[in-house]
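Supplied in structure tokens, the structure appears directly below.
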Amino acid sequence: MTSVFEAMHRLRYIVLAALLAVGARTLAADTLKVKFRSRALLDATATDYGKEDVQGYYRLEDFRVGFKATYGRYELKADIGLGGGKVAVKDLLMNYHFKNGVLSVGNGYEPFSMDMLISTADMRFNQSAASCLAFTNSRKLGVTFHYYTPHWYLATGLYTNNDINKLGEEKKNSLVSTSRAVWRNMDESRNRLVHVGAAFSFRTKDVNKDAPVGSIESAGVTDMLPESLLAAEVSGMGTEVKALVEALYTSRKMLLQGEYFFDRMNRSGGLKAYKSHGGYVQGSWLVKGEGFEYDAMYGIPGRPSSAKAVELVARFNYTDLNHDGSGIYGGQEKDLSLGVNWYLNKYLGLKFSGSYVWTGSHCNSFYDKDLFIAQARLQYIF
């Protein structure tokens, strides 16, 4: 019997062949455009956690090089990351652009969580909220179709449950189907945007293993500390269903953004399903500069529109991986973060933030009390 993984390979070849056939007649009149790009994120963290009075860490969080090549309606994106002491393939995507759509094939993110889809250099804080990290996944090999109009963004995709960087490790022979829908109202004359949406994702059972074990974890407000703050293992893992609701509002000076996640991991052998949830709300105010970028093609916010800007930011997050019904406890936490982002120009930026984390029941034993974390980032984008 042909495996689902082999089926996905065949599907990608069929899609690529179709794209080549559709665009072959128009390529002769087009020119090739290539833009090289790079980024570097240097992070520092200090905290009073655990059994030591003060701990400090610093590292090159991300150093990335890549390019985007366009030829007619075709677009190729490729990025290689060298941060955190590892070499990894990031985006590796072949896109074909229609009048109001994009067909994307390769290694990229599922259309699930606008904060996970935002470029790391454009996020309000050094990393996404703890709830976002818990309920989203790394990039996947697959196919996504994006459709957009002034008022709507719709996306759906089919993926292998594997990141291209982990194919040599524990390969998961399962499929993922993810869809996202957004309604938005953009008033350009007043520089105002209202955006509401939802996403849904379904994962099939891993057929490679007799007794698959699922997992969910989150580092918290930073992944520079030695241990994850929250983590749970789910025995007898079957299918998984995830959903979220999202909202975004921007004006000349203000941005408000929030998402809430729901996750259900079904289990075999008569075991009760494991359920978890969490979400965040965050906002920013521009002391200097006006407006915020918004990618209507993919329905995601960006950095301030002004090349030089000063931004005050705040975020509250809640994550609960404890579930009495299944008897699985991955921990529960709340955190509040305040910060300031200073964009010196379109290439350089500085970010400073402080976070207070309330550790609830069943958090990693490494964190034996509430903690404060201070973070700083120097970022370069070209």
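The values are calculated or read from the model by the stated rules, or taken from the named source; none is laboratory data. Keep in mind it's a predicted model, so treat the numbers as computed, not measured. No Cβ is skipped: glycine too gets one built from the backbone with ideal geometry, and neighbour counts run over all protein chains shown.
Do we find a residue being in a helix (DSSP H, G or I) and either modelled with pLDDT under 90 or within 19 Å of the chain's Cα centre (by Cα) (or both) anywhere in region 60-81?
Among the residues of region 60-81, not one is in a helix (DSSP H, G or I) and either modelled with pLDDT under 90 or within 19 Å of the chain's Cα centre (by Cα) (or both), which makes the answer no.
Listed here are the residues, each with its yes/no results for (1) over 26 Å from His323 (Cβ atoms); (2) in contact with a strand residue (DSSP E or B) (Cβ under 8 Å, 6 or more places away or on another chain); (3) buried (at least 19 other Cβ atoms within 10 Å of the Cβ).
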residue	(1), (2), (3)
Leu133	no, yes, yes
Leu141	yes, yes, yes
Ile164	yes, yes, no
Ser174	no, yes, yes
Ser177	no, yes, no
Arg192	yes, yes, no
Ser215	no, yes, no
Met237	no, yes, yes
Val241	no, yes, no
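Could you check Arg184 against (1) closer than 27 Å to Glu61 by Cα; (2) buried (at least 19 other Cβ atoms within 10 Å of the Cβ); (3) not small (Gly, Ala, Ser) and say which number it fails?
Going through the list (1) closer than 27 Å to Glu61 by Cα; (2) buried (at least 19 other Cβ atoms within 10 Å of the Cβ); (3) not small (Gly, Ala, Ser), Arg184 breaks only (1).
Gly84 versus (1) more than 25 Å from Thr31 (Cα to Cα); (2) modelled with pLDDT of 95 or more: which is the lone unmet condition?
(2)
Taking into account only those residues within region 259-297 that are crowded, with 20+ Cβ neighbours inside 10 Å and over 30 Å from Ala211 (Cβ atoms), which is nearest to the chain's Cα centre (by Cα)?
Glu259
Residues to consider are Thr144, Thr136; find the one that is of a type in the set (Val, Ile, Thr) and under 25 Å from Met237 (Cα atoms).
Thr136
So, one more: Taking the options Phe352, Phe366, name whichever one is hydrophobic (A, V, I, L, M, F, W, C) and more than 23 Å from the chain's Cα centre (by Cα).
Sole residue among the options that is hydrophobic (A, V, I, L, M, F, W, C) and more than 23 Å from the chain's Cα centre (by Cα): Phe366.
Further question: Looking at (1) modelled with pLDDT of 95 or more; (2) buried (at least 22 other Cβ atoms within 10 Å of the Cβ), which one does Cys363 not meet, given that it meets all the others?
Unmet condition: (1).
Can you name the condition, by its number, that Thr222 falls short on among (1) among the hydroxyl-bearing types (Ser, Thr, Tyr); (2) under 18 Å from the mean Cα position of the chain (by Cα); (3) modelled with pLDDT of 95 or more?
Every condition holds for Thr222 apart from (3).
Can you name every residue in region 152-162 that is buried (at least 21 other Cβ atoms within 10 Å of the Cβ) and either in a strand (DSSP E or B) or at pLDDT 90 or above (or both)?
Correct list: Tyr153, Ala155, Gly157, Tyr159, Thr160.
Pairs needed: first member in region 318-334, among the charged types (D, E, K, R); second member anywhere, surrounded by 21 or more Cβ atoms within 10 Å (Cβ to Cβ) and outside any strand (DSSP E or B); C-beta distance under 8 Å; at least 6 residues apart or different chains.
Listed by first residue and then by second, the contacts come to Glu333/Ala130; Glu333/Gly220; Glu333/Leu229; Glu333/Cys363.
Could you list all residues from region 124-148 that are aliphatic (A, V, I, L, M) and modelled with pLDDT of 95 or more?
Scanning region 124-148 gives Ala129, Ala130, Leu133, Ala134, Val143.
Pick from Ser361, Ser355: which is in a strand (DSSP E or B) and not aromatic (Phe, Trp, Tyr)?
Testing whether each residue is in a strand (DSSP E or B) and not aromatic (Phe, Trp, Tyr) leaves just Ser355.
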